[in-house]
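Bear in mind these aren't lab numbers, they're just calculated from the coordinates by the rules spelled out. Keep in mind that what you see is a predicted model, and the values were worked out from it rather than measured. Methodologically, a virtual Cβ is constructed for each residue, glycine included, from the backbone with ideal geometry; neighbour enumeration extends over all protein chains shown.
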Amino acid sequence: VEAISTLCVTGKTSSSLMCYPSCSQLRTKNEGTAVSVFLMGCFLTSLPQEGKRNVLVTSALPYVNNVPHLGNIIGCVLSADVFARYGRLRGWNVLYVCGTDEYGTATENKAREEGLTAQQICDKYHAVHASIYQWFQVDFDFFGRTTTKKQTEIAQNIFWRLHERGFLLEDIVEQLRCEACQRFLADRFVEGTCPFCSYPEARGDQCDKCGKLINAVELREPTCKVCSQTPVVQSSKHLFLDLPKLEAELEQWLERSTGSGDWTANAKQITRSWVRDGLKPRCITRDLKWGTPVPHPDFSDKVFYVWFDAPIGYLSITANYTDQWEKWWKNPQQVELYNFMAKDNVPFHSVVFPCSLLGAQDNYTLVNHLVATEYLNYEDTKFSKSRGVGVFGDMAKDTGIPSDVWRFYLLYLRPEGQDSAFSWVDMATKNNSELLNNLGNFINRAGMFVSKFFESCVPAMALQQEDKRLLAQVGWELKQYINLMDRVKIRDALKCILNISRHGNQYIQVNEPWKKIKGDETDRQRSGTVTGVSVNVACLLSVMLQPYMPTVSHTIRQQLNAPPSVTGTLLQGTGNFVCSLPAGHHIGTVSPLFQKLESEQIESLKKRFGGQQVSASNLLSALYQAEKVRTLKGQKAEKTVIGAEVTKLLELKKQLSLAEGKDPEPVLTKGKKNAQPATTPASDPAAQTAVNGADAERARELTLAVAEQVTWGGNKCNELGIRGETMEV
């Protein structure tokens with residue numbers, strides 16, 4: 001109670017209260033901004049209300065086993081955050097939920113790689129995700145996870161309802177199994193040539209190029225992504241969701257939803273393509289250990305397939321937020337559901353998941369508005385953690401660039417209609433031109449004129465035709481902004497903000513209030529009018545900016561001493577530009593909002609994230625793998641087992657070379673005076689090599705540098721006995 005009282009008075013919380021995640025979130029208003037604090041056991045939850053627009057917002061659940069890059073952030077959580085913030089400004093009753101997707105083979109592999117249990121990996125990376133989104137100021141109402149009892153309860157309930165209504169089938173499935181890894185391979189750990197379009201890097205569940213769903217056994221020339229070996233086909237009995245049986249009902253629902261809701265063009269096109277090609281039964285079980293268990297006694301050794309299970313996470317996360325979760329998720333009459341995602345997630349949200357809910361026949365809330373982005377690339381290539389290419393979420397805060405600037409630029413180039421590319425040079429250009437010289441310049445000048453010429457008191461305004469012309473332009477842009485944001489055209493709506501500040505700068509430049517203040521009474525009055533109008537436009541911009549740049553928005557309102565009611569006044573209803581800072585209103589201290597990004601700084605960042613740096617985690621992985629191979633040799637393990645581990649080590653060496661900007665060294669055959677590049681498969685003993693002296697020296701240097709910071713499986717590096725050893729395969 002004391003902590004809540006402190007929060008309400010000061011807007012600050014003590015660190016002892018920060019128990020994010022797995023807790024309720026209290027949002028209080030401080031000067032019109034949202035202050036989020038997470039209080040264990042304190043449930044002040046949002047529920048649908050009669051007579052209000054109830055909006056449920058979700059963003060695709062990020063995989064817990066990796067760190068999100070900028071493309072992941074803009075495609076899902078950031079876009080959804082902007083829309084949720086906008087909805088709150090509009091007076092809608094908004095609930096925004098998200099969380100980490102924690103089950104599946106990817107988590108098992110990451111756990112094996114780091115020497116941790118699957119649950120430990122989930123706990124570790126859930127905290128990483130939460131920290132990243134908090135730095136980016138993503139204002140979830142609740143950020144949860146899928147490894148919960150609620151997830152098991154709800155997923156199994158939907159399963160039984162589907163089973164009882166005859167929407168599940170049993171069948172024998174041919175699966176890919178990697179003998180080297182001794183396990184069945186999850187779809188995303190198989191790669192090969194697409195049977196439809198011949199794309200050579202298709203995954204085992206979907207082709208990124210043509211978008212078609214694939215069964216892993218259909219891939220041509222499949223390989224295991226873990227060890228690069230060719231998997232074999234084995235049979236296993238599984239359960240399928242009978243999509244053909246639900247197809248007619250799905251099509252009726254799709255016609256209603258796409259006709260009345262705001263589905264992006266790519267979401268409609270991808271969904272139409274799926275339905276047009278005819279739906280096939282979809283396997284919903286997997287031969288794994290880490291997942292939601294299948295409750296059927298004949299399938300007790302299996303878990304649910306992640307794309308059956310993961311979307312149910314939206315429901316279970318809401319259930320962990322409030323026991324009355326069904327008021328959101330079983331209330332299609334009162335609730336509008338917005339799903340945000342990248343385009344590769346569309347079919348699972350527009351076909352597979354809706355079919356699960358339709359088949360359950362429990363009055364579930366289905367998606368009304370499916371918002372999908374295209375892909376964000378990095379410069380002229382793709383983001384790659386292994387090659388050190390691109391900015392990942394945990395790196396952005398170390399650049400010295402404020403999170404609001406990151407938000408602005410990502411939203412400015414949001415890939416709404418086609419792929420877009422992050423560019424350091426373009427980011428600097430947009431910061432210096434649009435933020436510093438356009439938006440920041442106008443708002444700073446408007447405030448400084450009030451401070452310098454009118455003793456920080458908004459002057460009286462006598463509007464003339466030129467002022468009314470500006471107000472008409474601003475009013476038109478405001479209505480465009482609202483119209484675009486209502487339809488989730490987030491990037492285009494941002495341009496309306498910049499257009500207003502551009503009009504404002506031109507208005508000030510033409511009317512020259514700094515000159516007129518030195519003239520006669522008429523000129524001084526004219527200077528006052530221009531200043532008063534300008535500072536009110538600046539106040540409007542602070543509100544319109546709030547979904548995009550919350551800290552900058554709050555700073556502007558603080559500088560202008562704007563009343564807390566200003567956010568609701570300007571954006572609720574149809575959106576009318578009204579005078580929020582009347583004559584006589586006293587503003588606060590005005591200061592610049594943005595800083596210039598210098599070319600030297602940008603060149604340094606471009607080089608830093610251009611793939612030339614060597615990832616410490618990659619080097620440590622190579623060390624760990626070398627130790628594993630050495631142990632197997634000491635145990636005189638079978639050559640095929642050693643060969644598989646050698647292949648992994650060679651791949652890690654290749655990644656290290658690429659990260660350093662070098663061509664990968666050819667594999668040399670062992671024991672020959674005039675060694676030539678090997679042509680035998682990596683699993684052949686002839687392909688086993690010794691790591692050269694330079695590699696060993698680099699390994700020693702790295703280990704000495706990071707031994708005190710990095711752990712493998714809970715052990716310090718120097719406890720592994722490899723501090724000064726030569727790595728030998």
Fill in the blank from the handout: Here the FRET efficiency for residue 230 versus residue 299, based on Cβ atoms and R0 = 30 Å and rounded to 0.05, is 0.60
Practice task
Starting from the Cα of residue 256, move 7 Å in the Cα-to-Cβ direction to define the label point; list residues of segment 365-406 whose amide nitrogen is under 14 Å from there.
Solution key: 365-369
Problem - Computed label-point distance, nm, for sites residue 483 and residue 466 using a 7 Å Cα→Cβ extension - result: 2.9
Handout entry: Added length on full extension, which subtracts the Cα-Cα distance from 0.36 nm per residue, residue 50 to residue 418
Key = 128.6 nm
Fill in the blank from the handout: Once amide hydrogens are built 1.01 Å from N within the peptide plane, the residues lying 5 or more places from residue 375 or on another chain with amide H under 5 Å from its amide H are 419, 420
Handout entry: Restricting segment 390-475 to GluC sites (Glu not before Pro) in coil, as DSSP defines it, with at most 11 other Cβ within 10 Å
Key = 455
Handout entry: Convex hull of Cα atoms in segment 372-422, direction-averaged projection (nm²)
Key = 3.9
Exercise for the section: Using the number of other C-beta atoms within 10 angstrom as an exposure proxy, rank 627, 603 with the fewest first. Expected result: 603, 627
Problem - Debye, to nearest 20: dipole size of segment 299-417, +1 on Lys, Arg Cβ, -1 on Asp, Glu Cβ - result: 100
Practice task
Identify all aspartates and glutamates with a Cα-Cα distance to residue 495 below 19 Å; exclude those on the same chain that are fewer than 8 residues away in sequence.
Solution key: 81, 404, 416, 419, 426, 434, 477, 486
Practice task
Describe numerically, in nm with one decimal, the distance between label points set 7 Å from Cα along Cα→Cβ at residue 604 and at residue 161.
Solution key: 5.7
Practice task
Return the long-range amide H neighbours of residue 142 (sequence gap of 5 or more, or a different chain), with a cut-off of under 5 Å between placed amide H atoms.
Solution key: 96, 98
Practice task
Any of 268/648; 397/628; 397/430; 225/268 with alpha carbons more than 29 Å apart? Name them for me.
Solution key: 268/648; 397/628; 225/268
Completion exercise
Computed over segment 295-357, the Cα gyration tensor eigenvalues, each multiplied by 5 and square-rooted, give semi-axes in Å (largest first) of 23, 18, 11
Practice task
Kindly provide the trypsin sites (Lys or Arg not before Pro) of segment 168-222 that DSSP labels as loop, not H, G, I, E or B, and whose Cβ sees at most 14 other Cβ atoms within 10 Å.
Solution key: 209
Handout entry: Order of 136, 143 - criterion: other Cβ atoms within 10 Å of each residue's Cβ, fewest first
Key = 136, 143
Exercise for the section: At 0.36 nm per residue, minus the direct Cα-Cα distance, what do residue 67 and residue 586 gain on full extension? Give it in nm, one decimal, please. Expected result: 182.3 nm
